[in-house]
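Below: the structure, in structure tokens.
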Amino acid sequence: MIDRLNSALGDRYTIQRELGAGGMATVYLADDPKHQRKVAIKVLHPELSAVIGAERFLTEIRTTANLQHPHILPLFDSGEADGLLFYVMPWVDGESLRDRLDRERQLPVKEAVRITAAIASALDYAHRQGIIHRDIKPENILLHDGQPLVADFGIALALTAAGSSGRMTETGLSLGTPHYMSPEQASGEGTVDPRSDVYALGCVLYETLVGDPPFPGSTPQAVLAKVLTTNPERTIVHRESVPPHVDSVIAKSMERIPA
């Protein structure tokens, strides 16, 4: 794949190595010789590219490119090359919140709240632009010098459009991660709006404080069943040092019937 990408993008970028892969895309580290900087290129998986389509992707990505917020990872470039849909972001010399939680399990309460407040500010800004992220999770929160950056706004609009057309359902693809899905996302029946992002952010804050996601489960189906039918245990049950007002905010954000 690296050879294919270098062949397709060699006039603009030089692919160095794979940084990681997820359910929707693979990320590569690359050099941008024109601007003398390192970048991260996210290449959508072929089946997802087929669902979205190049025209829809390139149209919707333009709106995302206008997002400018100190806690949103900006978009440098996007396009189609050799049948592959891609977008280009800054390379963040740091780690994801998932990396840090894997290492430390829990964060200090003040730091967890600080990170969450910054992400909430970014989401509020995006929501006012009419953009819902739909996949807030520790993997999509990058930490650079301690400051959080929300990543993957790049495909939110395109996937939303594909979902509204029914093509996501037809192919069995879905946007969201079970541990952080709101009930309306999990059921596929309710309207997904900014409150779904608030729910997911509540799940993230819960995990940073407790060390585990709100709804543990051995399979995605088991997790989703809990999301749809139960309320999580309060954070103070697991960690007495969580202030009551923080515990209440988390419980409010994760109500199964959004207010």
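Let's see how each residue does on (1) surrounded by fewer than 18 Cβ atoms within 10 Å (Cβ to Cβ); (2) hydroxyl-bearing (Ser, Thr, Tyr); (3) closer than 30 Å to residue 121 by Cα:
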| position | (1), (2), (3) |
| --- | --- |
| 7 | yes, yes, no |
| 29 | yes, no, yes |
| 73 | no, no, yes |
| 91 | no, no, yes |
The residue from 223, 198 that alone is under 13 Å from residue 134 (Cα atoms) and touching a helix residue (DSSP H, G or I) at 6+ places or on another chain (Cβ under 6 Å) is 198
Scanning segment 28-45 for residues that are touching a Leu at 6+ places or on another chain (Cβ under 7 Å) and either without any contact (Cβ under 8 Å) to a residue 60 or more places away in the chain or not in a strand (DSSP E or B) (or both) gives 28, 38, 40, 43
Screening 100, 114 for residues that are free of Cβ contacts under 8 Å to residues at least 60 places away in the same chain and buried (at least 16 other Cβ atoms within 10 Å of the Cβ) leaves only 100
Looking across segment 213-259 at residues that are hydroxyl-bearing (Ser, Thr, Tyr) and in a helix (DSSP H, G or I), the single one that is surrounded by the fewest Cβ atoms within 10 Å (Cβ to Cβ) is 229
Of (1) touching a Lys or Arg at 6+ places or on another chain (Cβ under 6 Å); (2) more than 25 Å from residue 141 (Cα to Cα); (3) modelled with pLDDT of 95 or more; (4) not charged (D, E, K, R), residue 29 satisfies every one except (2)
Pairs returned, first residue in segment 1-27 that is closer than 13 Å to residue 87 by Cα, second residue that is of a type in the set (Phe, Trp, Tyr), beta-carbon separation under 7 angstrom, 6 or more apart or interchain, are 5/28
Test for residue 170: is it outside the structural domain of residue 54 (by TED's automatic domain parsing), surrounded by fewer than 18 Cβ atoms within 10 Å (Cβ to Cβ), modelled with pLDDT under 85 and not in a loop (DSSP other than H, G, I, E, B): yes
A careful count of residues in segment 58-78 that are more than 21 Å from residue 128 (Cα to Cα) and not in a loop (DSSP other than H, G, I, E, B) gives 3
Here the residues within segment 216-259 that are among the acidic types (Asp, Glu) and under 26 Å from residue 191 (Cβ atoms) are 255
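The values are calculated or read from the model by the stated rules, or taken from the named source; none is laboratory data. Remember, it's a predicted structure, so these values are computed and weren't measured experimentally. So basically every Cβ, Gly included, is an ideal-geometry build from the backbone, and we count neighbours across all protein chains shown.
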